[in-house]
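Enquirer: Can you read through this structure? Questions will come right after.
The values are calculated or read from the model by the stated rules, or taken from the named source; none is laboratory data. If you're wondering where the values come from, they're calculated on a predicted model, not measured in any experiment. No Cβ is skipped: glycine too gets one built from the backbone with ideal geometry, and neighbour counts run over all protein chains shown.
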Amino acid sequence: MIEAPHLSADAHGLLGNLEELIGTGWVRSSGPETIDVVDPSSGHVAGTIPGSTTDDVARAVAAARAGFDSDAWSGLNPSERSRALHRLTDVLAEHAEALAEIGTLEVGSPITLSRGLHAGAPISFFRWFADAALKGPMGGYEESLGLNDVPVLTTSMLFREPVGVVAAISAYNFPLLITSFKVGGALAAGCTAVLMPSPRTPLSAIAFAACAREADLPPGTIQVLVGGAGIGQALTTAPGVDMVTFTGSVEVGRNVMEQASRGLKKVVLELGGKSPNVLLPSADIQTAVGPSVLRFVRNSGQGCGATTRTLVPREWYDEYAAAAKQVIDSLVVGDPWDEKTDLGPVIRGDHRDRVEGYVQRAIDGGGVVLAGGGRPDIGEGFYLNPTLVGGVDNDAEICQEELFGPVGVLLPYDDVDDALRIANGTRFGLNANVWGATDDAIRFARRLKAGTVTVNGGGSDRPDAPWPGAGESGIGVDRGMEGFREFFHIRHVQVPLAGIGR
Ligand code: NAD
């Protein structure tokens, strides 16, 4: 039972029947393990839910395997599958406000942010995959190779078939959004899925499972397990799993890859970032500074694509720092249920300590806090003020490690080549912003080591766009057509042309 005064009756309805959900195969638990659901805004335990056991992993994988092998889901034709996914999306949309509330409760995101991040965006991604199920992946479900310029005369067909059982493991920061392109993509392809959310934010997955049941998806289509590393290890090594799609940290991503490699399973890894935000000499400080700050403090900095390293021409350093201070001072840190709040808490107390440790070590090494900093004096929640640190080099720990908190650094550069060297001076390569004259910015963007680059603010999330990572930011792709394609394997069928061959 989850006790949270801010949750509506609808949200309680999605979560309130945990025992029943567990009994019907959506969330499976047979053991004594429990998981505390902590409300980061108060630091209190909002409820305790049953945790999965390794026996549950075996049962969930067997159910997903049976669901896939029986054709109950994979055998549906594209229009039937698309209709079922539209039904699921409609159900999610009916519960949109409840899903936003659940995001605020477990992640601590301000409710105004949650409505987009934990409800609107995932719903639009599910909708996009519902449409993609009908159209098929890039190239279609079936593609004729045609008579290309090769010395072979055959009718050759390519068939794209669902990979099979997909284990989808997600990070805590955008639980339903990650579910939307991992599980949404898998189901659209005809795969069945076993979803394992972070044990720090299990409720969105449980609410999702309740919605899937309400949408009457066939049994076996989706299973939800709730656990930590041990359960993840059992899931990624289970012989019945064909593919592992993971979002999380580099360290855990390495473990996941190693675990999955034993069964030679297909792997997609979406990992961390230390992304640059570059103001070119043709940029305008006043235009760029507001969004530049918001992009590293949004969701209290708990975003893989947070652009935490801001690069400015050396002579602009003081002016930019002053402008950023004005923006940072205007941000409201506090109760995520208050519509005026800009930044809620971070996920846990130990995580806050970790972020503060990075800032302290930067200061000990000669860095300075240019704006914000410290903890606000608000109850027992895990709050942190947004912070901009200066006086450090790009090779400092705070510039190289992902903090996953509302902390950015300001770095000066001498010329555009120097800016490029600093921007690309990272083991990651996930995201970047570039500000300046459009031509300059696009030219610069094309030289960046980053899967996604927004120029002059870019635009809102496109469900059809891929989200790839270079370097240690990942392997394979989530989202968009390229992401959808990951859930297929390909079969080539070759037939001699009539009258030719044997
Ligand atoms: P994490 O790596 O600590 O945990 C991610 C998931 O892995 C959790 O569900 C956890 O239970 C599970 N896990 C732990 N050990 C495992 C194991 N041995 N086998 C299988 N699963 C295991 O990450 P987090 O703290 O939840 O999330 C923050 C990280 O996620 C950041 O590094 C962030 O950049 C990254 N992230 C990346 C993207 C992206 O698209 N690139 C998006 C969101 C978050």
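Enquirer: Kindly indicate the residue of the range 227-247 that is closer than 22 Å to residue 29 by Cβ, out of contact with any Gly (no Cβ under 7 Å at 6 or more places or on another chain) and not aliphatic (A, V, I, L, M) and also farthest from the ligand (Cβ to nearest atom) among those meeting that condition.
Expert: This residue is 240.
Enquirer: Out of everything in the range 67-78 that is under 16 Å from residue 133 (Cβ atoms) and among the polar types (S, T, N, Q), what residue ends up being surrounded by the fewest Cβ atoms within 10 Å (Cβ to Cβ)?
Expert: Only one residue fits best here, namely 77.
Enquirer: Next question. Name the residue that is farthest from residue 141 (Cα to Cα), counting only residues in the range 169-181 that are in contact with a strand residue (DSSP E or B) (Cβ under 8 Å, 6 or more places away or on another chain) and within 10 Å of the ligand (Cβ to nearest atom). Show your work before the answer.
Expert: Initial filter on the range 169-181 (in contact with a strand residue (DSSP E or B) (Cβ under 8 Å, 6 or more places away or on another chain)): 169-171, 178-179, 181.
From what's left, within 10 Å of the ligand (Cβ to nearest atom): 169-171, 178, 181.
Details: 169: 26, 170: 27, 171: 31, 178: 24, 181: 19 Å.
This residue is 171.
Enquirer: Among the numbered conditions (1) within 25 Å of residue 49 (Cα to Cα); (2) aliphatic (A, V, I, L, M); (3) free of Cβ contacts under 8 Å to residues at least 60 places away in the same chain, tell me where residue 150 comes up short.
Expert: Answer for residue 150: the failing condition is (1).
Enquirer: It is to be established whether one or more residues within the range 290-300 are within 25 Å of residue 94 (Cα to Cα), modelled with pLDDT of 95 or more and within 14 Å of the ligand (Cβ to nearest atom). Lay out the reasoning, then the answer.
Expert: Let us first name the residues in the range 290-300 that are within 25 Å of residue 94 (Cα to Cα), namely 299.
Within this subset, residues satisfying the condition of being modelled with pLDDT of 95 or more are 299.
From what's left, within 14 Å of the ligand (Cβ to nearest atom): 299.
So far as the range 290-300 goes, yes, one or more of its residues are within 25 Å of residue 94 (Cα to Cα), modelled with pLDDT of 95 or more and within 14 Å of the ligand (Cβ to nearest atom).
Enquirer: Looking at the range 415-431, can you tell me whether even one residue there is under 20 Å from residue 370 (Cα atoms), modelled with pLDDT of 95 or more, aliphatic (A, V, I, L, M) and out of contact with any strand residue (DSSP E or B) (no Cβ under 6 Å at 6 or more places or on another chain)?
Expert: no
Enquirer: Would you mention how many residues in the range 254-270 are in contact with a strand residue (DSSP E or B) (Cβ under 6 Å, 6 or more places away or on another chain) and near the ligand (Cβ under 7 Å from one of its atoms)?
Expert: Taking the range 254-270 first, the residues in contact with a strand residue (DSSP E or B) (Cβ under 6 Å, 6 or more places away or on another chain) are 256-257, 260, 265-270.
Subset that is near the ligand (Cβ under 7 Å from one of its atoms): 256, 270.
Qualifying residue count for the region: 2.
Enquirer: What's the number of the only condition in (1) within 15 Å of residue 68 (Cβ to Cβ); (2) surrounded by fewer than 24 Cβ atoms within 10 Å (Cβ to Cβ); (3) modelled with pLDDT of 95 or more that residue 237 fails to meet?
Expert: Here residue 237 clears every test but (1).
Enquirer: Okay, next question. Looking at the range 281-297, which of the residues that are surrounded by 21 or more Cβ atoms within 10 Å (Cβ to Cβ) and touching a residue at least 60 places away in the same chain (Cβ under 8 Å) is farthest from residue 466 (Cα to Cα)? Don't jump to the end; show me each part of the working.
Expert: The first filter runs over the range 281-297 and keeps only residues surrounded by 21 or more Cβ atoms within 10 Å (Cβ to Cβ), leaving 283, 288-289, 292-293, 295-297.
Going one step further and asking which of them are touching a residue at least 60 places away in the same chain (Cβ under 8 Å), we end up with 283, 288, 292-293, 295-297.
Numbers: 283: 27, 288: 25, 292: 22, 293: 24, 295: 19, 296: 21, 297: 23 Å.
This residue is 283.
Enquirer: How about the range 182-203: which of its residues are near the ligand (Cβ under 10 Å from one of its atoms) and β-branched (Val, Ile, Thr)?
Expert: The answer is 201, and nothing else.
For every residue, the table says whether it meets (1) surrounded by 18 or more Cβ atoms within 10 Å (Cβ to Cβ); (2) assigned to a helix (DSSP H, G or I).
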| position | (1), (2) |
| --- | --- |
| 440 | no, yes |
| 444 | yes, yes |
| 447 | no, no |
| 454 | yes, no |
| 459 | no, no |
| 465 | no, no |
| 472 | yes, yes |
| 484 | yes, yes |
| 489 | no, no |
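Enquirer: Is there a residue in the range 348-367 that is within 17 Å of residue 104 (Cβ to Cβ) and surrounded by fewer than 23 Cβ atoms within 10 Å (Cβ to Cβ)?
Expert: The first filter runs over the range 348-367 and keeps only residues within 17 Å of residue 104 (Cβ to Cβ), leaving 348.
If we keep only those that are surrounded by fewer than 23 Cβ atoms within 10 Å (Cβ to Cβ) as well, we get 348.
So far as the range 348-367 goes, yes, one or more of its residues are within 17 Å of residue 104 (Cβ to Cβ) and surrounded by fewer than 23 Cβ atoms within 10 Å (Cβ to Cβ).
Enquirer: How many of the residues in the range 101-154 are farther than 20 Å from residue 187 by Cα and assigned to a loop (DSSP other than H, G, I, E, B)? Walk me through how you get there before you give the answer.
Expert: Within the range 101-154, the subset farther than 20 Å from residue 187 by Cα is 101-117, 143-154.
With assigned to a loop (DSSP other than H, G, I, E, B) added as a condition, the list becomes 108-110, 145-153.
So the count comes out to 12.
Enquirer: Hey, another quick one. Can you confirm whether residue 219 is closer than 26 Å to residue 428 by Cα, away from the ligand (no atom under 12 Å from the Cβ) and surrounded by fewer than 20 Cβ atoms within 10 Å (Cβ to Cβ)? First the steps, then the outcome.
Expert: Values: closer than 26 Å to residue 428 by Cα: no; away from the ligand (no atom under 12 Å from the Cβ): yes; surrounded by fewer than 20 Cβ atoms within 10 Å (Cβ to Cβ): yes.
No.
Enquirer: To continue, here is another question. Out of (1) modelled with pLDDT under 95; (2) more than 10 Å from the ligand (Cβ to nearest atom); (3) β-branched (Val, Ile, Thr); (4) in a loop (DSSP other than H, G, I, E, B), the odd one out for residue 206 is which?
Expert: (4)
Enquirer: Quick one: count up the residues across the range 368-383 that are at negative phi and surrounded by fewer than 17 Cβ atoms within 10 Å (Cβ to Cβ). Break it down stepwise before answering.
Expert: We begin by selecting, within the range 368-383, every residue at negative phi; these are 368-371, 375-378, 380-383.
From what's left, surrounded by fewer than 17 Cβ atoms within 10 Å (Cβ to Cβ): 368, 375-378, 380.
Number satisfying all stated conditions: 6.
Enquirer: Residues 93, 58, 64: which one is of a type outside the set (Asp, Glu), buried (at least 19 other Cβ atoms within 10 Å of the Cβ) and part of a helix (DSSP H, G or I)? Outline the logic, then answer.
Expert: Values: 93 fails: buried (at least 19 other Cβ atoms within 10 Å of the Cβ); 58 fails: buried (at least 19 other Cβ atoms within 10 Å of the Cβ).
Within the list 93, 58, 64, the selection yields 64.
Enquirer: Kindly provide the set of residues from the range 17-49 that are in a loop (DSSP other than H, G, I, E, B) and at pLDDT 75 or above, ordered by number. Steps first, please.
Expert: Taking the range 17-49 as the starting set, the residues that turn out to be in a loop (DSSP other than H, G, I, E, B) are 17, 24-26, 28-33, 40-43.
Listed by number, the residues that qualify are 32, 33, 40, 41, 42, 43.
Enquirer: Let me ask another. Determine which single condition residue 266 fails, assuming it passes every other condition in (1) under 30 Å from residue 442 (Cβ atoms); (2) out of contact with any Leu (no Cβ under 9 Å at 6 or more places or on another chain).
Expert: If we test residue 266 against (1) under 30 Å from residue 442 (Cβ atoms); (2) out of contact with any Leu (no Cβ under 9 Å at 6 or more places or on another chain), just (1) comes out false.
Enquirer: Quick check: is even one residue across the range 329-345 more than 16 Å from the ligand (Cβ to nearest atom), surrounded by 14 or more Cβ atoms within 10 Å (Cβ to Cβ) and in a helix (DSSP H, G or I)?
Expert: No, the range 329-345 contains no residue that is more than 16 Å from the ligand (Cβ to nearest atom), surrounded by 14 or more Cβ atoms within 10 Å (Cβ to Cβ) and in a helix (DSSP H, G or I).
Enquirer: Contact list please: Cβ distance under 9 Å, first residue in the range 356-381 and at pLDDT 95 or above, second residue assigned to a helix (DSSP H, G or I) and among the acidic types (Asp, Glu), pairs at least six apart or on different chains.
Expert: Within 9 Å, the pairs are 358/397; 361/397; 362/397; 365/397; 371/329; 372/329; 374/356; 375/356.
Enquirer: How do the pairs read when you match residues in the range 213-224 that are touching a residue at least 24 places away in the same chain (Cβ under 8 Å) with residues anywhere that are among the hydroxyl-bearing types (Ser, Thr, Tyr), using Cβ under 6 Å and keeping only pairs 6 or more apart or on different chains?
Expert: Correct list of pairs: 220/192; 221/192.
Listed here are the residues, each with its yes/no results for (1) over 17 Å from residue 292 (Cβ atoms); (2) more than 16 Å from the ligand (Cβ to nearest atom); (3) among the β-branched types (Val, Ile, Thr); (4) in contact with a helix residue (DSSP H, G or I) (Cβ under 7 Å, 6 or more places away or on another chain).
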residue	(1), (2), (3), (4)
388	no, yes, no, yes
410	no, yes, no, yes
415	yes, yes, no, no
428	yes, no, no, yes
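Enquirer: OK, next. Is it the case that the range 381-394 has a residue that's in a loop (DSSP other than H, G, I, E, B) and polar (S, T, N, Q)? Explain how you work it out, then say what you get.
Expert: Let us first name the residues in the range 381-394 that are in a loop (DSSP other than H, G, I, E, B), namely 381-386, 391-394.
Next cut, polar (S, T, N, Q) only: 385, 394.
Yes, because at least one residue in the range 381-394 is in a loop (DSSP other than H, G, I, E, B) and polar (S, T, N, Q).
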